[in-house]
Amino acid sequence: MFKRSWFIVLLCLCVSAFSFSGIQTAKADDGQDIRIGVIPEAESITLGSDDSFIISEVNGETLLEGTNGTANVSLESSGTVDTSYRLQVAWTTSTTYVDDWLHRAELGNYDTYVEDYNGGYRLFIGKFPADASWGTRDAFRNEVIANGLAGTDSFWKQVTITEGTSSMKIIYQGEELTTEKPVQIISPDGLIEIGGKKYRGIGEVAYNSKGTLAGINQLPIEQYLYGVVPRELPPIPYGEMEAQKSQAVAARTYTLANLGKRSSDGYDLLPTPSDQVYGGFEAEHPISTQAVQESEGMVAMHNGKLITAVYHSTTGGYTANNEDIWSSDAVEYLRGVPDSNRGKAIEHVPTLEVFKNHANPTSLRAAKEGDYESDWSKYHRWEFQWTNEELSEVLSEYFAVDIKEVYEVNVLERSNSGRVLEIEFVTDNGLFYEQKDQIRWALKYINASGGHSALLSTLFFIEPTDQKAETPSFKVYGGGWGHGVGLSQTGAVGMATKGATYEEILKHFYQNITLVKQY
């Protein structure tokens, strides 16, 4: 018989931050909870409440009770944590099969791992670091398939294994307690504090995949949205109810489609732009809460599946096709559309003359073309100028080379929505290129504090200020803020002020979708 290893194992299907797989989640009910990693990684986290509270082990015994106070939870000891890509080749209940497979794999000197799961055993082969390329892993997969140790249905998983014992220490009013289990706080008024910030629901401190602590807020999805919508589309000044509802539906759809996205760390989503900005109880606003309540359970779907409900601040005049921003296949509902009520004709894509002739573009250094946005976003039109020395410094930093002079900046390809697809930098140290949304990080502007910030969008034109100079300054004329795919938040506000319903707003920015009330 093979020897079992008793580890704490966390597994998650490894997907990109942006996925177009359209995987349908299980139908939610009104009481379904979500877990937000409000403090993703820390050595010490506070839990507290303004009311009476109980801190207990998760699914375990009560550790302490208090009133209007704060307890400190710190990492006492940590087991050895390893997170690697491993190829899952089988699940079986046959120990004979497991023994035979292990013997054959060991003859080939392959790294193996067996996990007890659901009454049987998951079999894994190979071990690659998290930054291993797909090509390297795919070559290994083909090798073990050829050697009869895996089938064509084998797939990669990111496996986190904690070996040994982790523990945490809780200190409250001089009393110290130690436990190996995650701990949680509840309060009869339904409000708790994690790291000094107030949240609805339950507060929890658990172990993450790095072996440190994570502060987690668990609460019903609809209450979570109370703290998302006002942070993603502030009701002041964007208080149009139909726009707020469109944001609520987009945020709810994203939430349900991404449950479990970060399960290897013990929660579903982060409270940042990496997922959705979540401000907790103190971010809530009556207008946003009303929008969530009046659209309760409503989601956007396409062909019976939850859509990838991406959104951004401002289009600049025309939204982007998803494949013009990310390396992904075209998605039918993420097509470029104009920020206007003039139809979908490409002639409405902004030109260089449109950008140059705008009356008052925002200067990024200091920091009414679109029918829907121009009254609502100061970044509908913007501009910036680099000296040659500044641009050389920006490019040197991005490409990790020494560039002293920039001779030309050439847009090599542009999408039909006007966005730059490929750009070329001609410098004293050679030619450099970047594509799609990464262009924003290559061509950073100098902000008011002197730091470098990603360019607001790829909808821009750039030219030298002096065509005759060998090392000229360069000026960019741009529009929009964000990736430009899907719902435009300020565009939604503009549509709402013109009388559009939230259904009309969503169906303008997400093409050929249906709205479905899931609960």
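Below is a table of values for the structure above.
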quantity	calculated
Residue check for Phe461: in contact with a strand residue (DSSP E or B) (Cβ under 7 Å, 6 or more places away or on another chain), under 29 Å from Ala300 (Cβ atoms) and aromatic (Phe, Trp, Tyr)	no
Count of residues meeting criterion [at pLDDT 90 or above and not in a helix (DSSP H, G or I)] in region 314-327	5
Residue match in region 265-281 (condition: open to solvent by 10 Å² or more (accessible area, probe 1.4 Å) and of a type in the set (S, T, N, Q))	yes
In region 262-275, the residues that are in contact with a Lys or Arg (Cβ under 8 Å, 6 or more places away or on another chain) and under 20 Å from His483 (Cβ atoms)	Leu269, Leu270, Asp275
Criterion (closer than 22 Å to Gly211 by Cβ, charged (D, E, K, R), open to solvent by 20 Å² or more (accessible area, probe 1.4 Å) and over 32 Å from the mean Cα position of the chain (by Cα)) met by exactly one of Asp111, Asp116, Asp131	Asp111
Helices (runs of 4 or more DSSP H) wholly inside region 208-301 containing at least 1 residues that are modelled with pLDDT of 95 or more, of a type in the set (Gly, Ala, Ser) and closer than 24 Å to His508 by Cβ	241-257, 286-294
Filter result for Glu76 (under 30 Å from Thr46 (Cα atoms) and either aromatic (Phe, Trp, Tyr) or part of a strand (DSSP E or B) (or both))	yes
Residue count for region 119-128, restricted to those that are surrounded by 13 or more Cβ atoms within 10 Å (Cβ to Cβ) and farther than 14 Å from Ser84 by Cα	4
Inter-residue pairs, beta-carbon under 6 Å, first acidic (Asp, Glu) and in region 153-181, second assigned to a strand (DSSP E or B), 6+ apart	Glu163/Thr80; Glu180/Ser167
Residue, farthest from Gly195 (Cα to Cα), within region 52-71, restricted to residues that are assigned to a strand (DSSP E or B) and open to solvent by 50 Å² or more (accessible area, probe 1.4 Å)	Thr62
Filter result for Tyr311 (under 20 Å from the mean Cα position of the chain (by Cα) and either modelled with pLDDT under 90 or within 18 Å of Met495 (Cα to Cα) (or both))	yes
Selection status of Ile202, of a type outside the set (D, E, K, R) and open to solvent by less than 40 Å² (accessible area, probe 1.4 Å)	no
Failed item, numbered, when Lys444 is tested on (1) in contact with a strand residue (DSSP E or B) (Cβ under 8 Å, 6 or more places away or on another chain); (2) surrounded by fewer than 21 Cβ atoms within 10 Å (Cβ to Cβ)	(2)
Matching residues, region 490-503, being in contact with a helix residue (DSSP H, G or I) (Cβ under 7 Å, 6 or more places away or on another chain) and open to solvent by 20 Å² or more (accessible area, probe 1.4 Å)	Thr501, Tyr502
Condition check for Ser392: at pLDDT 55 or above and not in a loop (DSSP other than H, G, I, E, B)	yes
Residue ID - farthest from Gly316 (Cα to Cα), chosen from residues in region 409-425 that are among the aliphatic types (A, V, I, L, M) and open to solvent by less than 30 Å² (accessible area, probe 1.4 Å)	Val409
Residues (open to solvent by 60 Å² or more (accessible area, probe 1.4 Å), part of a strand (DSSP E or B) and among the polar types (S, T, N, Q)) located in region 158-191	Thr178
Near pairs, Cβ below 8 angstrom, 6+ apart or cross-chain, from region 274-303 (of a type in the set (Ser, Thr, Tyr)) to any residue that is surrounded by fewer than 16 Cβ atoms within 10 Å (Cβ to Cβ)	Ser274/Ala17
Selected residue (criterion: surrounded by the fewest Cβ atoms within 10 Å (Cβ to Cβ)) from residues of region 138-154 that are farther than 20 Å from Thr92 by Cα and of a type in the set (D, E, K, R)	Asp138
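The values are calculated or read from the model by the stated rules, or taken from the named source; none is laboratory data. Since we're looking at a predicted model, the values are computed, not measured. Every residue, glycine as well, gets a Cβ built from its backbone with ideal geometry; the counts of neighbours run over all protein chains shown. SASA here: full protein model, heavy atoms, side chains in, ligands and nucleic acids out. Shrake-Rupley method; radii C 1.70, N 1.55, O 1.52, S 1.80 Å.
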